[in-house]
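Input: a single structure, listed below in structure tokens.
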Amino acid sequence: MINKSIKRTIGICLTLSWAITAISCAPTPATLIPQPPAGFLTYNDIVSNFSIPYPEDWEMIPKENIEFAVVGFWDRQQNIMLSYFVVMKAELPAEMDVEDYFEPERELFPGEYANYTPISTDTLILYGKKAIRHTWIFTLDGAAFKYIRQYIVNQKTIWVLEAGCHLESFDSYKNIYDTMMAGFRILS
């Protein structure tokens, strides 16, 4: 008959063994990819190390249409692009704060967009990283558009998420853009 002290020691050892096994088998936080919300799928890019949710009824933009971006998605109906969302990525010469990156970028907007009108610029914290979200309106061939860009610096890499559509459609897409931008994850 095993005495009570030995039984208790065996029980403690087994409990510790199970706990250690559970901890060592759990995925690290950097590899966790959250489930997309209802109505969204997740795009995982293991080469560029990111994931992003996108609406299940949107299509991936053909690469020849977005050579400047890593990936893009659009809402197309009858071969007309109604709205789009792209992920861009570039290497920086040195580590920097997202605000240090954005300030000179902001100066370029008036020259790049006709009738550029800034709407808002907000600093956010997304999964522990500082981000800047800039919203603006501009015109192209007489039509008004509203765009959002979200900037995130991760060490020596800048990520730029851009979404836009005709001004009159923007409010109907805003929740989609917010979901995609909030769901963007850098995987490492």
Residue count for region 40-67, restricted to those that are hydrophobic (A, V, I, L, M, F, W, C) and within 13 Å of the chain's Cα centre (by Cα): 2
The one condition in (1) surrounded by fewer than 19 Cβ atoms within 10 Å (Cβ to Cβ); (2) not in a helix (DSSP H, G or I) that A182 fails to fulfil: (2)
Number of positions in region 163-179 that are surrounded by 20 or more Cβ atoms within 10 Å (Cβ to Cβ) and either within 11 Å of the chain's Cα centre (by Cα) or closer than 20 Å to T42 by Cβ (or both): 4
Within region 83-98, considering residues that are part of a strand (DSSP E or B) and out of contact with any Lys or Arg (no Cβ under 7 Å at 6 or more places or on another chain), the one farthest from R185 (Cα to Cα): S83
Residue among Y151, Y101, Y116 that alone is part of a strand (DSSP E or B), under 21 Å from F184 (Cβ atoms), among the hydroxyl-bearing types (S, T, Y) and in contact with a Phe, Trp or Tyr (Cβ under 9 Å, 6 or more places away or on another chain): Y151
Test: A114 is closer than 18 Å to I158 by Cβ and of a type in the set (G, A, S): no
Selection count where residues are over 25 Å from K129 (Cα atoms), loosely packed, with under 15 Cβ neighbours inside 10 Å and either within 19 Å of the chain's Cα centre (by Cα) or β-branched (V, I, T) (or both), scope region 68-104: 1
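Since every read-out is calculated from the coordinates, none of them should be taken as a lab result. Remember, it's a predicted structure, so these values are computed and weren't measured experimentally. Heads up, the Cβs are rebuilt from the backbone with ideal geometry, glycines too, and the neighbour counts pull from every protein chain shown.
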